[in-house]
Amino acid sequence: MSAPAFAAADWGTSSFRIWLLDGIGTVLAERRSDEGMVSAGTAGFATILDKHLGEMGAAGDLPVIICGMAGARQGWVEAPYVTLPARLDDMIAGAVAVPGLARDVRILPGLAQRDADAPDVMRGEETQLAGIAPLFASGHQLVCMPGTHSKWVEARDGAVTGFRTWLTGELFSILSKQSILRHSLGDAPAAAMPGDAVFRDACSQALAEGGDVGNGLFRIRAATLLQNLKSDDAAAKLSGLLIGGEIASARRTFKAVDGKAILVASGGLGLLYRAALDLAGLTVLSADADEAVRAGLFEAARRLGWTTRSAT
């Protein structure tokens, strides 16, 4: 088995993932936890990082490349946003070194759209974009990146030229737990499935109505009272309306670049978005989000010269 060349970490608001990678990007070890930026602010970023590296048997001088909220203003060390338009070189050149450590730790910056009419920011997703850079190296491309805060990114000939954020995942959480719809969804509704007729019908409805889902959302409650809508179907309907509404809005915003989209997602959420994008009539090229973030971190490490580092 080859020796690790570096460690790569994706540090989110509420989650933490770290991998040991060798010089060609093979995963040698992996750890995941809920020690995101919020927890790390109390426990200490260096303490959490060293704990996981130690448990994976990493050498004390093994370098680490990090993306995500560790570089936020409230994170470990702020990595200032790179302003659009931005290329892969710009993002990697903006990496910030964490001072005062025995090992070399670099944090990648996020991206900022400093448009007076459409300000927007991202942290973490830019590294996924770095990992799929060959897919938008030429031409005019549109990238869909689902999540708590879904990102839709426009790229031209390898440069990120614009993006928008939709609060789709966060809205689902708030509406299902804190709004009147909580009575319809119950405490533990099953996750929607891409082939579910209720999900597909709701998604098609939102697409047909151009993303105006306000009345459709209340109809979930009305259908519970008048038509005995079950909690699992209510959850599927809510998912379909929100995802369909997001896609309808994004399609209008970006004019559905040539009717195509690159979908960067993993797991069940990726399957739901793939089904919804198909319903919207878009031609979809899929990329796995976990693989994309590792590939982006690997590319950053390669450009830092770490992938050829000899084991000590």
Spans of helices (runs of 4 or more DSSP H) in the range 181-272 with at least 2 residues surrounded by fewer than 20 Cβ atoms within 10 Å (Cβ to Cβ) and of a type in the set (Gly, Ala, Ser): 197-208, 214-227, 231-254
Selected residue (criterion: nearest to the chain's Cα centre (by Cα)) from residues of the range 1-41 that are surrounded by fewer than 16 Cβ atoms within 10 Å (Cβ to Cβ) and polar (S, T, N, Q): 14
Residue satisfying condition, being in the same structural domain as residue 128 (by TED's automatic domain parsing), on the phi < 0 side of the Ramachandran plot and touching a residue at least 40 places away in the same chain (Cβ under 8 Å), within set 29, 95, 79, 40: 95
Sole residue being farther than 22 Å from residue 215 by Cβ, polar (S, T, N, Q) and in contact (Cβ under 8 Å) with a residue 60 or more places away in the chain, chosen from 127, 168: 127
Positions within the range 208-243 being in contact (Cβ under 8 Å) with a residue 40 or more places away in the chain and among the basic types (Lys, Arg), in sequence order: 221
Count of residues meeting criterion [over 22 Å from residue 149 (Cα atoms) and either in contact with a His (Cβ under 9 Å, 6 or more places away or on another chain) or part of a loop (DSSP other than H, G, I, E, B) (or both)] in the range 17-38: 6
Which listed residue is at pLDDT 95 or above, in contact with a Leu (Cβ under 7 Å, 6 or more places away or on another chain) and of a type in the set (Gly, Ala, Ser), from 259, 244: 244
Any chance residue 173 is of a type in the set (S, T, N, Q), without any contact (Cβ under 8 Å) to a residue 40 or more places away in the chain, outside any strand (DSSP E or B) and farther than 18 Å from residue 239 by Cβ: no
Residue within the range 119-138 that is farther than 25 Å from residue 294 by Cα and either surrounded by fewer than 21 Cβ atoms within 10 Å (Cβ to Cβ) or more than 18 Å from the chain's Cα centre (by Cα) (or both) present: yes
Options 160, 105; residue that is closer than 18 Å to residue 303 by Cα, over 15 Å from the mean Cα position of the chain (by Cα) and β-branched (Val, Ile, Thr): 105
Residue that is farthest from residue 179 (Cα to Cα) [pool: residues in the range 207-230 that are in contact with a Ser or Thr (Cβ under 7 Å, 6 or more places away or on another chain) and not basic (Lys, Arg)]: 211
Residue list for the range 86-118, filter: crowded, with 18+ Cβ neighbours inside 10 Å and in a loop (DSSP other than H, G, I, E, B): 94, 95, 98, 103, 108, 109, 110
All positions within the range 145-165 that are of a type outside the set (Ser, Thr, Tyr) and either part of a loop (DSSP other than H, G, I, E, B) or under 23 Å from residue 214 (Cα atoms) (or both): 146, 147, 149, 151, 152, 157, 158, 164
Residue within the range 197-213 that is closer than 30 Å to residue 153 by Cβ, over 23 Å from the mean Cα position of the chain (by Cα) and among the hydroxyl-bearing types (Ser, Thr, Tyr) present: yes
Filter pass, residue 259 being within 30 Å of residue 30 (Cβ to Cβ) and in the same structural domain as residue 194 (by TED's automatic domain parsing): no
The range 47-85, residues that are in a loop (DSSP other than H, G, I, E, B) and of a type in the set (Gly, Ala, Ser): 57, 58, 59, 60, 72, 75, 79
Counted residues, the range 1-16 - those being without any contact (Cβ under 8 Å) to a residue 60 or more places away in the chain and in a strand (DSSP E or B): 2
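The values are calculated or read from the model by the stated rules, or taken from the named source; none is laboratory data. These numbers come from a predicted model, not from an experiment. Because the Cβ atoms are built from the backbone with ideal geometry, glycine has one as well, and the counts that use them run over all protein chains shown.
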